[in-house]
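> Can you read through this structure? Questions will come right after.
The values are calculated or read from the model by the stated rules, or taken from the named source; none is laboratory data. Nothing here was measured: the structure is a model prediction, and the numbers come from that model. Here the Cβ positions follow ideal geometry from the backbone for every residue, glycine too, while neighbour counts run over all protein chains shown. Keep in mind that these areas ignore ligands, DNA and RNA; they rest on the heavy atoms of the full protein, side chains included. Shrake-Rupley method; radii C 1.70, N 1.55, O 1.52, S 1.80 Å.
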Amino acid sequence: CNTGWSEANAGVVCRLMGYTGGRNVADVSTLGEETGRIWFGDVTCGNDVTNILSCGLTWEPSNCDHNMDVAVTCQADLSLRLTGGQSASQGRVEISSGNGEWGTICDDGFDDRDAQVVCRQLGYRGGVATVRGDFGEGTGHIWLEELNCTGNEASVAECRVSRWGEHDCTYRDDAGVICTGDVSVRLNGSEDASRGRVEVRPRNGEWGTICDDGVDDRDAQV
């Protein structure tokens with residue numbers, strides 16, 4: 001129930017599900033009306049919550065109906081880049097949630113399965129993990145700790161993550177990767193990290209574009 005519900009609560013709920021944050025949906029009616037029980041009302045969550053039952057709340061509130069249901073939109077718009085390496089295919093992993101603030105990933109639990117996903121998102125075939133700041137120490141935020149990918153995800157946004165921005169690491173613990181593959185791919189020319197002009201670079205070469213002759217949705221899927 002939306003009594004006492006805030007934008008901060010939406011962010012907590014989304015982070016508990018592995019997203020980087022979230023916001024409330026203003027018009028819940030567009031999602032249809034639920035018919036089951038209303039379990040919670042007067043929900044108030046702190047930023048350190050790891051279970052929704054740890055939030056302040058009222059069980060089965062009597063002053064609510066389904067017109068007062070809560071809905072959220074979660075955010076998982078994560079951009080990656082590699083810095084500090086001797087080539088474009090290796091380096092310290094830096095991540096941004098789309099707000100323009102880059103930061104690093106702590107190496108706690110960071111392994112080759114995570115590296116596979118990082119490298120795949122950057123357009124490589126795969127890769128291996130490096131730890132203990134092998135590519136130097138980053139600056140700014142340490143955004144993630146305990147990244148938990150299975151290795152099959154297409155991007156880091158699909159992996160389970162701990163709470164965004166909370167950690168007990170230092171820059172000496174920055175995670176890195178060494179990626180393998182003959183061609184790098186990136187999107188350019190848009191403020192949205194999920195869209196843009198496709199640019200490619202052969203190993204140790206220069207970035208360039210792809211002519212649209214014959215390019216269709218099947219190519220875009222890949």
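> If I compute solvent accessible area with a 1.4 Å probe over the protein chains, what percent of it on the chain is carbon and sulfur?
Roughly 45 percent, rounded to a whole number.
> Continuing with this model, one more query. Using only Cα atoms, find the angle between the long axis of helix 112-121 and the longest principal axis of the chain, and express it within 0 to 90 degrees, rounded to the nearest 10.
Long axis of 112-121 versus the principal axis of the chain: about 80 degrees.
> Let me know the shape class of the range 1-67, please: from the alpha-carbon gyration tensor, a ≥ b ≥ c as square roots of the eigenvalues, rounded when a/c is under 1.5, otherwise prolate if a/b is greater than b/c, or oblate.
oblate
> Mind checking the range 45-131 for trypsin sites (Lys or Arg not before Pro) that DSSP puts in a loop (not H, G, I, E or B) and that have at most 15 other Cβ atoms within 10 Å?
Here the sparse-neighbourhood loop sites are Arg125.
> How long is the gain from Asp212 to Thr83 if the chain were fully straight, where each residue apart is worth 0.36 nm and the alpha carbon distance is subtracted?
Once the chain is fully extended between Asp212 and Thr83, it gains 43.4 nm.
> I've got another one for you. Given the Cα-Cα distance of Ser190 and Asp168 and 0.36 nm per residue of separation, how much length would full extension add, in nm?
Gain on stretching Ser190 to Asp168: 4.5 nm.
> Do any GluC sites (Glu not before Pro) in the range 1-65 lie in a loop, going by DSSP, with at most 15 other beta-carbon atoms within 10 Å of their beta carbon, and if so which?
Glu33, Glu34
> Given contacts defined as C-alpha pairs under 8 Å and at least six residues apart, what's the relative contact order of the chain, whole-number percent?
This gives 18 percent for the chain.
> Give the angle, between 0 and 90 degrees and rounded to the nearest 10, that separates the Cα long axis of helix 7-16 from the longest principal axis of the Cα atoms of the chain.
The helix 7-16 is inclined about 60 degrees to the chain.
> Tell me, what is the per residue accessible area of the chain in Å², probe radius 1.4 Å?
Each residue of the chain exposes 57 Å² on average to a 1.4 Å probe.
> For the chain, which longest stretch is free of loop sites, where a loop site is one of the chymotrypsin sites (Phe, Trp or Tyr not before Pro) that DSSP puts outside H, G, I, E and B and that has at most 16 other Cβ atoms within 10 Å?
Result, exposed sites excluded: 40-206.
> Right, another one. Once every DSSP H run of n ≥ 4 in the chain is given -39500 (n - 2.57) and the sum is divided by its residues, what mean residue ellipticity at 222 nm do you get, rounded to the nearest 500 deg cm²/dmol?
-3000 deg cm²/dmol
> Express in nm, to one decimal, how much length is gained between Thr44 and Arg125 on full extension, taking 0.36 nm for each residue of separation and deducting their alpha carbon distance.
Extra length from Thr44 to Arg125 when fully extended: 24.8 nm.
> Label 7 Å along Cα→Cβ of Thr180; the range 100-131 residues with amide nitrogen under 12 Å?
Output list for this probe position: 116, 125-129.
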